[in-house]
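Peer 1: Quick one: structure below, then a few questions.
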Amino acid sequence: MDIPYPFPPRWALGPVAALLVAIPAGLLAFESYHDPNQNDTGYCSSCHPGFTSGRSDTLHAFHTGGDDPVTTNCSLCHTGSGRDNPFTLWSTGDSDDGLGCTGCHGRDYGETIVADYRDFPISGQQKNSGVGLRLHHAVSGITSCAGCHTDTETPHPENVIDPGSGNTTHYYLRGDVSLGGAPVDPSNNEVSANTYARFSEPGLDNDGDDLYNMSDPDSVADPDQLFLIKLESGGIELRWPTPSPDWILQDSSTEDLAGWTAMTQPAFTERQNGEWIVTVSGPLSVRQFYRLEKPDSAPEAAVVRKGKK
């Protein structure tokens, strides 16, 4: 498929608007792993007790121990004090300002923390929100979240790590968070080699539809389109859906199949709103062609042309 120059803009990304209602500090729900007024019980620990017995406990070891830890940076989950009961939505231990549990289990919806907690002046700070996580609990029959959260917002799709709002940096995009020596991907790399019998589910359900990884139709295996967007700078952006495993971006100055060469593939962090992004700086040649090809397969049908016919 050829697309002539000039190309119409495909969309405009903007900040996510959110209406925030101030809630008294005493009514903050599940702001920490367990109820601070109880001894290692209540809140999340009622159903997920695998952190309460220290670093050797199942869930804690699953995240930070064994041969395949998600991270060894304690500050991503814990604060400088009260480290036995981390916040669900904020953390800091040294120079790292973190997002607590929602660093992995939430997404950026443009929301802020509504109140200080303990002795930490965190009111107004940007945070990730567990919209998809709460919906997953709801479809699983867990009703405790609904007491405070009406969640009229639609969760970001499974394959979205960074929605493009620019407020927070999701933990999956950090260099000190990985699985199997590779970045954690909500579509195809959320399963740790630290296997326990109770953890048989294939990763996380990030958008609350009870579908996981590549079983979720949001996670694209074989892209059917390659989008080209003209930039005001004179360059272009090439975009296609994530994760599209094993597909390689190629370019050519001719239309014959022998002239295609592999371009520099996007880094894991070069993704936004569920799409890979490759920027080609100007000035551009008069005629150039781009395509996605999967090795040992027929050439991708959607070949996008840049330039005049």
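Peer 1: Test of understanding: among Leu133, Leu89, which residue is of a type outside the set (Phe, Trp, Tyr), closer than 22 Å to Leu204 by Cβ, touching a residue at least 12 places away in the same chain (Cβ under 8 Å) and in contact with a Lys or Arg (Cβ under 8 Å, 6 or more places away or on another chain)?
Peer 2: Going through Leu133, Leu89 in turn, just one is of a type outside the set (Phe, Trp, Tyr), closer than 22 Å to Leu204 by Cβ, touching a residue at least 12 places away in the same chain (Cβ under 8 Å) and in contact with a Lys or Arg (Cβ under 8 Å, 6 or more places away or on another chain): Leu89.
Peer 1: Those residues that are farther than 22 Å from Asn188 by Cβ, charged (D, E, K, R) and touching a residue at least 24 places away in the same chain (Cβ under 8 Å), I need them from segment 136-173; list them, please.
Peer 2: Once the filter is applied, which keeps residues that are farther than 22 Å from Asn188 by Cβ, charged (D, E, K, R) and touching a residue at least 24 places away in the same chain (Cβ under 8 Å), segment 136-173 yields only Glu153.
Peer 1: Another question, then. In this structure, is Gly234 over 30 Å from Leu133 (Cβ atoms), of a type outside the set (A, V, I, L, M, F, W, C) and more than 16 Å from the chain's Cα centre (by Cα)?
Peer 2: Working: over 30 Å from Leu133 (Cβ atoms): yes; of a type outside the set (A, V, I, L, M, F, W, C): yes; more than 16 Å from the chain's Cα centre (by Cα): yes.
In short, yes.
Peer 1: Something else about it: Restrict the check to segment 139-153 and report whether at least one residue is crowded, with 17+ Cβ neighbours inside 10 Å, polar (S, T, N, Q) and part of a loop (DSSP other than H, G, I, E, B).
Peer 2: So far as segment 139-153 goes, no, none of its residues is crowded, with 17+ Cβ neighbours inside 10 Å, polar (S, T, N, Q) and part of a loop (DSSP other than H, G, I, E, B).
Peer 1: Looking at (1) of a type in the set (A, V, I, L, M); (2) within 27 Å of Ile277 (Cα to Cα); (3) out of contact with any strand residue (DSSP E or B) (no Cβ under 9 Å at 6 or more places or on another chain); (4) without any contact (Cβ under 8 Å) to a residue 24 or more places away in the chain, can you tell me which one Leu204 breaks?
Peer 2: (4)
Peer 1: Give the residue that is modelled with the highest pLDDT, with candidates limited to residues of segment 285-295 that are part of a loop (DSSP other than H, G, I, E, B) and within 11 Å of Ile248 (Cβ to Cβ).
Peer 2: Checked segment 285-295; the qualifying residue modelled with the highest pLDDT is Lys294.
Peer 1: Within segment 239-254, which residues are surrounded by 12 or more Cβ atoms within 10 Å (Cβ to Cβ) and not small (Gly, Ala, Ser)?
Peer 2: Of everything in segment 239-254, those that are surrounded by 12 or more Cβ atoms within 10 Å (Cβ to Cβ) and not small (Gly, Ala, Ser) turn out to be Arg239, Trp240, Pro241, Thr242, Pro243, Pro245, Asp246, Trp247, Ile248, Leu249, Gln250, Asp251.
The values are calculated or read from the model by the stated rules, or taken from the named source; none is laboratory data. Quick caveat: nothing in here was measured; it's all calculated off a predicted structure. Backbone-built Cβ (ideal geometry, glycine too); neighbour counts: all protein chains shown.
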